[in-house]
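Undergrad: Below: one structure in structure tokens.
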Amino acid sequence: MKKLLLGNQAIARGLYEAGVKVVSSYPGTPSTEITEFASEYDEMYCEWAPNEKVATETAFGASLRGVRSACAMKHVGLNVAADPLFTLSYTGVNGGLVIFVADDPAMHSSQNEQDSRHYAIAAKVPMLEPSDSAEAKFVKQAYEISEKYDTPVLFRMCTRIAHSQSSVELEERVEKPLAQYSRNPQKYIMSPANAIKRHPFVEERVCKLKELGETSPLNRVEMADSEIGIICAGTCYQYVKEVFGDSVSVLKLGLVNPLPEKIIRDFANKVKKLYVIEELDGIIEQHLNTLGIPCTGKEMFSPLGEYNQATIRKAFGMDAPESTAADSVIPVRPPIMCAGCPHRGMFYVLSKNKITTLGDIGCYTLGSAAPLNAVDSTLCMGASVSGIHGFNKAGGEETEKKTVCVIGDSTFMHSGITGLVNIAYNGSNSTVIILDNSITGMTGHQQNPTTGYNIKGEPANAVNLEDLCHAVGIKRVRVVDPYNLKECEDAVLEEIGVLEPSVIISRRPCMLLKYVKPKPPLTVNTDKCVGCKMCMKIGCPAISIKNGKACIDATQCVGCNVCSQMCKLGAIVKGDE
Amino acid sequence: METKNIMIVGVGGQGSLLASKLLGTLLTDEGYDVKVSEVHGMSQRGGSVVTYVRFGEKVYSPVITQGEADIIVSFEKLEAARHAPCLKKGGRIIVNTQQIDPMPVITGAAEYPENVLDELKAKNIQIDAVDALSLATRAGNAKSVNIVLMGRVAKCFDIPCDKWLAAIEKCVKPQFVQVNKKAFELGYES
């Protein structure tokens, strides 16, 4: 049976069909839906782990015990999981283990544009890459390779494949019996003495996988004209076919690490001019350079952003189709914090008091935009909490009195805790604000260890943030309601002033959560409004100025009441007043 | 047949995913090879979002680029203008006449080009403007703007209405089928 499936949904189906038993992941765009869809199959145990390192080590444990396991993450998540990955390469597996990693060229929802193929090379593990949902069938081959070659396998996705739907041939699940677990210290205890003996195995495995690449149907040649030959993988294959159809010869790689030699040489010998088209870094091109095979790649194609058919047409000097544009300047429309977002009130307080704010990864990165302009830095998950400690140690007491950091509940569980331990242990008078909206927001509402529910929405243990902060040694922990500006301001000013570390938990569930019921929209009393625009300073999309007076869009307003606290004239009133 | 290209553009949170799901389901049922490229995650809320739907005998690229779209369905006026360069010569823009100010307009850093649809018309672009918000409200749910617009799209195709309605049944939760069918019909008849 054929079905239209999202790339990530097709991967989940592939996991199901491959008989996978354990899936542990941390959400991250564009990888999130792999695990969400996987959790709809009762045959697989699925979970949200606190971070990608935990997820990968959970998958390792499941593999060690003898089942097929998986984890999924975004490209920067693999940085967090890199530690287990590099030594998993040495231990190998018992049950097959595949790590799905989704790159985000063009940074639709990411802080950098790193190319995950470097990890496959560095960790000396095979990497597969599909070019559409149908090639999610590679998942089964990935598990076969994992078990046959005794290796974890990386499976590379990108935004366009993860978030595109195309037709998939569905097959039945093949159950894998639980493999025998027997103690094997030489393989699984990576002490120096054992690891020294495992390293040659890893090098031999790379050679064997190269051989596999020469014959595997994962790599295929589509021979046509001998004038032009193009080597490509993943989504680039689709763009090449879109532009050239069957008029050029194509070597499509599905096993993108290790790269083969013989089929590339044969292909190169059969064509007059050879191109390599790959998004992000010129990894295939470098391989050809090493082999001494002349080709054109990054001198024609940028290492920046996403490609598409227009990119290829332009690079080959082909005309773009005719098009028309409006003459007016079209204002940009960046993503914004929703009306009623619980982060807004706290950000306004920080902005108003000109407090330096080290930020983190989540919806609250949007607090950096005008008019709030409330964030000074965003590096990676957890870096706000670790960063403020260094910032304050460098700047001393004067800096401590003007600085806070902000981090979400899920991100705090991911990697904020260790930074807080450092603050308590090494004693900086840092003020950490946990923006607790009771969900993992940015990736589209996933449960996390603080929410009290698991991935299936069943009740689960909830970490008590106050107790946790106390336990690591923070004595000053207080909870505020971010819909109450005065409460937030009093708390922030008091905590940055004290000579000890403190945590402020700014707690309000995301207003998009189904259980959060909006209040009646607020209205503006136009007799009282003088058009001073104070209410505009919070950057709420529901408020605009019409005919010199504030105006509230009733379809967007959820009655959070933050704007009315901005109005000194009492012109903004509750809908029922 | 040549591959057909439909772009669905709007503001994050307006429901473009349901519209693309409906088109994907319908066109797959009709036997076409279909690719749909979407935007996921909350982080795009309030921002400009684009969904591509392509169908034909064999579709390769999941995206639509400059001068390629047969139809652009826009949930908002400004977004129609933003993506107009993707329209094929002779293509059509179906646009909801709603205006949603982007943050730079709200803060006064930029101006909303009020007559942007007339500008496009003056450049010989076929503009099919519809007050989808009013029709959606009439259907019983202001959020069904997406399906009102799909009703309008249906007029451009030879696929019978009952097939569209069947696809709606497949794509929405049972409790929302009636309101969405009504929204579709209002869009189709408008």
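Taken together, the values in this text are just the output of simple stated rules run on the coordinates, not laboratory data. These numbers come from a predicted model, not from an experiment. Because the Cβ atoms are built from the backbone with ideal geometry, glycine has one as well, and the counts that use them run over all protein chains shown.
Undergrad: Looking at the stretch A:513-557, which of the residues that are among the aliphatic types (A, V, I, L, M) and over 23 Å from A:Asn373 (Cα atoms) is surrounded by the most Cβ atoms within 10 Å (Cβ to Cβ)?
TA: Within the stretch A:513-557, the subset among the aliphatic types (A, V, I, L, M) is A:513, A:516, A:522, A:524, A:530, A:534, A:536, A:538, A:542-543, A:545, A:550, A:552, A:554.
Now drop any that are not over 23 Å from A:Asn373 (Cα atoms), which leaves A:513, A:516, A:522, A:524, A:530, A:554.
Details: A:Leu513: 14, A:Val516: 16, A:Leu522: 25, A:Val524: 20, A:Val530: 15, A:Ala554: 13.
Among residues in the stretch A:513-557 that are among the aliphatic types (A, V, I, L, M) and over 23 Å from A:Asn373 (Cα atoms), the one surrounded by the most Cβ atoms within 10 Å (Cβ to Cβ) is A:Leu522.
Undergrad: What tally of residues in the stretch A:206-252 results from selecting those that are within 14 Å of chain B (Cβ to nearest Cβ), touching a residue at least 12 places away in the same chain (Cβ under 8 Å) and of a type outside the set (A, V, I, L, M, F, W, C)?
TA: Keep residues of the stretch A:206-252 that are within 14 Å of chain B (Cβ to nearest Cβ), which gives A:222, A:230, A:232, A:234-248, A:250, A:252.
Then keep just the ones that are touching a residue at least 12 places away in the same chain (Cβ under 8 Å); that gives A:222, A:230, A:232, A:234-240, A:242-244, A:246-248, A:250, A:252.
In the following step, the residues that additionally are of a type outside the set (A, V, I, L, M, F, W, C) were identified as A:222, A:234-235, A:237-239, A:242, A:246-247, A:252.
Of the residues in the stretch A:206-252, 10 are within 14 Å of chain B (Cβ to nearest Cβ), touching a residue at least 12 places away in the same chain (Cβ under 8 Å) and of a type outside the set (A, V, I, L, M, F, W, C).
Undergrad: Same structure, new question: Mind listing whichever residues of the stretch B:64-78 are facing chain A (nearest Cβ under 9 Å) and among the polar types (S, T, N, Q)?
TA: Matches in the stretch B:64-78: B:Thr65, B:Gln66.
Undergrad: I'd like to check something: does the stretch A:45-62 contain any residue that is aliphatic (A, V, I, L, M) and in contact (Cβ under 8 Å) with a residue 60 or more places away in the chain?
TA: Kept after step one, since they are aliphatic (A, V, I, L, M), are these residues of the stretch A:45-62: A:49, A:54-55, A:59, A:62.
Then drop every residue that is not in contact (Cβ under 8 Å) with a residue 60 or more places away in the chain, which leaves none.
Scanning the stretch A:45-62, I find no residue that is aliphatic (A, V, I, L, M) and in contact (Cβ under 8 Å) with a residue 60 or more places away in the chain, so the answer is no.
Undergrad: A follow-up question, please. Sort out which residues of the stretch A:20-63 are under 16 Å from the mean Cα position of the chain (by Cα), assigned to a helix (DSSP H, G or I) and surrounded by fewer than 24 Cβ atoms within 10 Å (Cβ to Cβ), and write them in order of number. Give the steps one after another, and end with the answer.
TA: Taking the stretch A:20-63 first, the residues under 16 Å from the mean Cα position of the chain (by Cα) are A:24-36, A:48-56.
Those still in the list that are assigned to a helix (DSSP H, G or I) too: A:32-36, A:52-56.
Scanning the stretch A:20-63 gives A:Glu36, A:Lys53, A:Val54.
Undergrad: Could I ask something else about it? Taking A:Val256, is it in contact (Cβ under 8 Å) with a residue 60 or more places away in the chain, closer than 28 Å to A:Lys140 by Cα and not in a helix (DSSP H, G or I)? Lay out the reasoning, then the answer.
TA: Details: in contact (Cβ under 8 Å) with a residue 60 or more places away in the chain: yes; closer than 28 Å to A:Lys140 by Cα: yes; not in a helix (DSSP H, G or I): yes.
So A:Val256 passes the test.
Undergrad: Is the stretch B:93-107 home to any residue that is among the charged types (D, E, K, R), touching a strand residue (DSSP E or B) at 6+ places or on another chain (Cβ under 6 Å) and in contact (Cβ under 8 Å) with a residue 60 or more places away in the chain? Can you show your working first?
TA: Applying the first criterion (among the charged types (D, E, K, R)) to the stretch B:93-107 yields B:101.
Subset that is touching a strand residue (DSSP E or B) at 6+ places or on another chain (Cβ under 6 Å): B:101.
Keeping just the survivors that are in contact (Cβ under 8 Å) with a residue 60 or more places away in the chain gives none.
No, because not a single residue in the stretch B:93-107 is among the charged types (D, E, K, R), touching a strand residue (DSSP E or B) at 6+ places or on another chain (Cβ under 6 Å) and in contact (Cβ under 8 Å) with a residue 60 or more places away in the chain.
Undergrad: Name the pairs whose Cβ atoms lie under 6 Å apart, with the first residue in the stretch B:1-29 and at the interface with chain A (Cβ under 10 Å from one of its Cβ atoms) and in contact (Cβ under 8 Å) with a residue 60 or more places away in the chain, the second aliphatic (A, V, I, L, M) and assigned to a loop (DSSP other than H, G, I, E, B), and 6 or more positions between them or separate chains?
TA: B:Val11/B:Ile100
Undergrad: For the stretch A:64-98: of the residues being within 18 Å of A:Met127 (Cα to Cα) and of a type in the set (S, T, N, Q), which is surrounded by the fewest Cβ atoms within 10 Å (Cβ to Cβ)?
TA: It comes out as A:Thr87.
Undergrad: Sticking with this one: Can you tell me which residue within the stretch A:137-167, out of those that are within 14 Å of chain B (Cβ to nearest Cβ) and more than 21 Å from the chain's Cα centre (by Cα), is surrounded by the most Cβ atoms within 10 Å (Cβ to Cβ)?
TA: Taking the stretch A:137-167 and keeping what is within 14 Å of chain B (Cβ to nearest Cβ), we get A:157-167.
After this cut, where a residue has to be more than 21 Å from the chain's Cα centre (by Cα) as well, the list is A:166-167.
On the way: A:Ser166: 28, A:Ser167: 19.
The selected residue is A:Ser166.
Undergrad: How many residues are buried (at least 21 other Cβ atoms within 10 Å of the Cβ) and either without any contact (Cβ under 8 Å) to a residue 40 or more places away in the chain or part of a loop (DSSP other than H, G, I, E, B) (or both) when one looks only at the stretch A:430-448?
TA: 9
Undergrad: Considering A:Glu175, A:Glu203, which residue is in contact (Cβ under 8 Å) with a residue 60 or more places away in the chain, in a loop (DSSP other than H, G, I, E, B), of a type in the set (Asp, Glu) and out of contact with any Lys or Arg (no Cβ under 6 Å at 6 or more places or on another chain)? Lay out the reasoning, then the answer.
TA: Details: A:Glu203 fails: in a loop (DSSP other than H, G, I, E, B).
Within the list A:Glu175, A:Glu203, the selection yields A:Glu175.
Undergrad: Let me ask you something else. What residue, among those in the stretch B:87-114 that are more than 7 Å from every other protein chain (Cβ to nearest Cβ) and closer than 28 Å to A:Phe244 by Cα, is surrounded by the fewest Cβ atoms within 10 Å (Cβ to Cβ)?
TA: B:Gly90
Undergrad: Another question, if that's okay. In the stretch B:30-63, which residues are within 7 Å of another protein chain (Cβ to nearest Cβ), touching a His at 6+ places or on another chain (Cβ under 8 Å) and part of a strand (DSSP E or B)?
TA: Scanning the stretch B:30-63 gives a single hit, B:Ser37.
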